[in-house]
1. Could you grab me the full set of residues in segment 1-34 that are of a type outside the set (A, V, I, L, M), surrounded by 12 or more Cβ atoms within 10 Å (Cβ to Cβ) and at pLDDT 90 or above?
2. When you check residue 66 against the structure, is it without any contact (Cβ under 8 Å) to a residue 12 or more places away in the chain, out of contact with any strand residue (DSSP E or B) (no Cβ under 6 Å at 6 or more places or on another chain) and over 15 Å from residue 113 (Cβ atoms), yes or no?
3. Have a look at 81, 71 and point out the one that is out of contact with any Phe, Trp or Tyr (no Cβ under 6 Å at 6 or more places or on another chain), assigned to a helix (DSSP H, G or I) and either closer than 17 Å to residue 11 by Cα or at pLDDT 95 or above (or both).
4. Would you call residue 47 open to solvent by less than 60 Å² (accessible area, probe 1.4 Å), without any contact (Cβ under 8 Å) to a residue 24 or more places away in the chain and in a helix (DSSP H, G or I)?
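The values are calculated or read from the model by the stated rules, or taken from the named source; none is laboratory data. On a predicted model such as this, the values are computed, not experimentally measured, just so you know. Every residue, glycine as well, gets a Cβ built from its backbone with ideal geometry; the counts of neighbours run over all protein chains shown. In case anyone asks, the SASA skips ligands and DNA or RNA and just uses the protein heavy atoms, side chains included. Shrake-Rupley method; radii C 1.70, N 1.55, O 1.52, S 1.80 Å.
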Amino acid sequence: MKLILSILANALALWVASAVLDGISFGGEGTSLVLTVLGVAALFGVLNAVVKPILQVLSLPLVVISLGLFLFVINALMLSLTSWFAGVIGLEFHVDAFFWDAVLGSLIISAVGVVTDLVLPDGKGR
């Protein structure tokens, strides 16, 4: 159940970013669009679980020097990597420009993620 909620939270965050920014887009209509968003959300979650920790360890000096602001660049890299990988596996998801679209998209996705973490149960029984 936690995995499904995580994918739905990622899907919501990615959809909000695509709704706010013109440079982030999904292809398809109706049911196809919903499946594309869910597929990209699952891909985004897998890449964040596998690649992001490696990038964070490798860039630790930059994260420390920038007082954590470099983490937004890492999040933007993850969004761009998701866009590239989605194209490879045939999902219609595209991020146009790295700086404006990916960085602003990562900020939006982080903000929506914070809100969904506050709203959704975390399974700790609070």
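1. Taking segment 1-34 first, the residues of a type outside the set (A, V, I, L, M) are 2, 6, 10, 15, 18, 22-23, 25-32.
Pick out the ones that are also surrounded by 12 or more Cβ atoms within 10 Å (Cβ to Cβ) and you get 6, 10, 15, 18, 23, 25-28, 32.
The answer is 10, 15, 18, 23, 25, 26.
2. On the way: without any contact (Cβ under 8 Å) to a residue 12 or more places away in the chain: yes; out of contact with any strand residue (DSSP E or B) (no Cβ under 6 Å at 6 or more places or on another chain): yes; over 15 Å from residue 113 (Cβ atoms): yes.
It is true that residue 66 is without any contact (Cβ under 8 Å) to a residue 12 or more places away in the chain, out of contact with any strand residue (DSSP E or B) (no Cβ under 6 Å at 6 or more places or on another chain) and over 15 Å from residue 113 (Cβ atoms).
3. On the way: 71 fails: either closer than 17 Å to residue 11 by Cα or at pLDDT 95 or above (or both).
The conditions single out 81.
4. Details: open to solvent by less than 60 Å² (accessible area, probe 1.4 Å): yes; without any contact (Cβ under 8 Å) to a residue 24 or more places away in the chain: no; in a helix (DSSP H, G or I): yes.
Answer is no for this residue.
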